[in-house]
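See structure below.
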Amino acid sequence: MFAFEFMRHAFAATGIVAVLSGLVGYFMVLRGESFAGHALSHVGFAGATGALLLGVPPLWGLLALTVAAGLAMGLGGRGTTQGRDVAIGLVLSCTLGFGLLFLHFLTTSATRATALLFGNVLGVDGAMLGWLALFGAACLAAMAVLSRPLLFASLQPEAAEARGVPLRAVSTAFLAIVAVATAECVQVTGVLLVFALMVGPAATAQRLTASPGRGIVLSVVLAVAEGWGGLALSWWTDCPTSFWISALSTLAYLLACLPGVRGRARLRA
Amino acid sequence: MTVGDDLTGACCDAAGRMPPPGPAAPPVRLDRATIRIGGRTILSDASLTVSEGAFVGVLGPNGAGKTSLMRAILGIVPVAAGEISVFGRPVGRGNHDIGYMPQFHGRVVPRLDGRSFIAAALHGERWGLPCDWGWGRHRRHDAAEVDRVLALVRATHLAERPIHQLSGGERQRLLLAQALVGRPRLLLLDEPLASLDPHGQRAVVALVNDIRRQLGIAVLFSTHDLNPLLGVMDEVLYVGRGAARLGPVDEVATGPVLSALYGTPVEVIRAGGRIFVVADT
């Protein structure tokens, strides 16, 4: 299957996106912000369809809107859990609605919508691969600087604030990184299935190991394995890639939840 | 790692501009301090001095501002008027002389082990990678510091267990260990007895007192009920209605003083070595 250029591109794109998703997703799950990522991807849908309407590549529309929404969420501050749920739910439906409106005006074939909603990793070209690598590297560099105060602030916000961690700046910067990671992830799994790569591997890793160092590595390894596994399976079965990635992601999590798996994993660790 | 080191340097420079602490600078000193939060006055024109190595119980009605007072000492809540100083220096964020144990809200407990939880607090304010990603001398040094605080709170055996499997008392010990990271000279403990049974409460009070004596550090310990602290605390600090009163238990926990602080007639009854504060109805 590596004889075809589009497959080589697909594997490279999935690899880049999976590394980023595994890392960023670990902190999202730790901070209880999984649904923030989900909402950002929906915001991105409106951005991507809006960009298509304007004749701009959808990635730019995606990035512009997810980052803007991420910053707004970060600066908006921490409300109550209930308030946050309502806000995220409203943003979700409102932006999907706008996405639908833009699609309506586009009047192009429905494949574009399907590609955005469920991903089209087989359509990634060389230029897109370059952008994915560039933004991926930028996010990794940002996480290398941010991860230490972010971990402290995620576990004990009050104590971190007392020791001089700028809470709001750290959480806003992280949401901006989540936004970029989400926009990248949409290229592989589509808007509706970003959970498969961003939350699934991270949640599985947190079930299997109680150390953040090992957890992050495991989350990244799982994301890459599930992404590449999904590609290979879709090659052999001729089913959509995103279906296999989401299936593998769910399967891995369910296996990790089986009684006894955790204990054995801990003994080995 | 280098980024983090630079930041510490900058932090010390910032502190260096402040007057150097005198040998007898008290751990906490309020000089006619006023604290306001959202238009509500927590403290008004309050003056008091906490002495070196003292165990001070912080009491007062719910919502009187025990947490706000601690956050003001940490430099998070601004001082509206007057001055609060810590070891002779005006309060400021990121003061490494203070260890802070916040109230443990019903937050989702992370699926991490105790060691990682404490390690996250170690230089957690620096930029860079988490400390268990370090290597060489740094990593050994950091691991030794985590071991030290775990031993201090007698929780070495809890280090490898996931926090969500621990009991409330065991979690409190890890939170206390986290506050001791970096060798602070003043401990601010916010309601460490909340949601503990009487046995657990006695254990936490005894542990804090042991650590205080061993390290010679001052402790501010807020609580709802002063009885668990009787015989252990040197002084009691009552906060209420914008006023604060610090002194020996026998002088402060009296009907007239508490009536003024609570703003309602209060009777203080001593029986069987315990003190009961009863609102007079």
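What the table below lists for this structure:
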item	result
Theoretical gain in end-to-end length, B:Ile37 to B:Arg93 [0.36 nm per residue, Cα-Cα removed]	18.4 nm
Mean residue ellipticity (222 nm) of chain B, computed from DSSP H runs ≥ 4 via -39,500 (n - 2.57), nearest 500	-10000 deg cm²/dmol
Cβ-based charge dipole, the stretch A:5-192, positive-most Cα from A:Leu20, A:His42, A:Ser147	A:Ser147
Over chain B, relative contact order from alpha-carbon pairs under 8 Å, at least 6 apart, %	23 percent
Global geometry of chain B, whether rounded, prolate or oblate, following the gyration tensor of its Cα atoms and the 1.5 cut on a/c	oblate
Only Lys, Arg (+1) and Asp, Glu (-1) charged, at Cβ; the protein assembly as shown dipole about Cα centre in debye	540 debye
Within the stretch A:160-269: Cβ-based charge dipole about Cα centre, in debye rounded to nearest 20 (Lys, Arg +1; Asp, Glu -1)	620 debye
Positive-pole candidate from B:Pro27, B:Ala253, B:Ala151, dipole of the protein assembly as shown, charges at beta carbon	B:Ala151
Residues in the stretch A:188-224 that a label on A:Thr250 would reach, taking backbone N under 20 Å of a point 7 Å out along Cα→Cβ	A:188-207, A:222-224
From phi via Karplus (6.51, -1.76, 1.60), per-residue ³J(HN,Hα) for the stretch B:184-195 in Hz, x at Gly/Pro	x, 9, 9, 10, 10, 10, 9, 6, x, 9, 4, 6
Sites A:Phe35 and B:Arg154, calculated FRET efficiency, Cβ-Cβ separation with R0 51 Å, nearest 0.05	0.85
Using θ = phi - 60° and Karplus 6.51 cos²θ - 1.76 cosθ + 1.60, couplings along the stretch B:28-39 (whole Hz; Gly, Pro as x)	9, 9, 9, 10, 6, 7, 10, 10, 10, 10, x, x
FRET efficiency, B:His141 to B:Gln165 (Cβ-Cβ, R0 35 Å, nearest 0.05)	0.75
B:Asp250/A:Leu258 FRET efficiency (R0 60 Å; Cβ-Cβ; nearest 0.05)	0.50
Charge dipole (the protein assembly as shown, unit charges on Cβ, about Cα centre) - positive-most of A:Ala169, B:Val58, B:Ala271	B:Ala271
Relative contact order %, chain A, counting alpha carbon pairs below 8 Å whose residues are six or more apart	31 percent
Assigned charges on the beta-carbon of Lys, Arg, Asp, Glu; the stretch A:5-192 dipole about Cα centre (debye)	200 debye
Rounded if a/c under 1.5, otherwise prolate or oblate - the protein assembly as shown, Cα gyration tensor axes	prolate
Shape call, the stretch A:5-192: gyration tensor on alpha carbons, a/c limit 1.5	oblate
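Readers should treat all values here as calculations from the given coordinates under stated rules, not as data from a laboratory. Since the model is a prediction, treat every value here as computed from it, not as a measurement. No Cβ is skipped: glycine too gets one built from the backbone with ideal geometry, and neighbour counts run over all protein chains shown.
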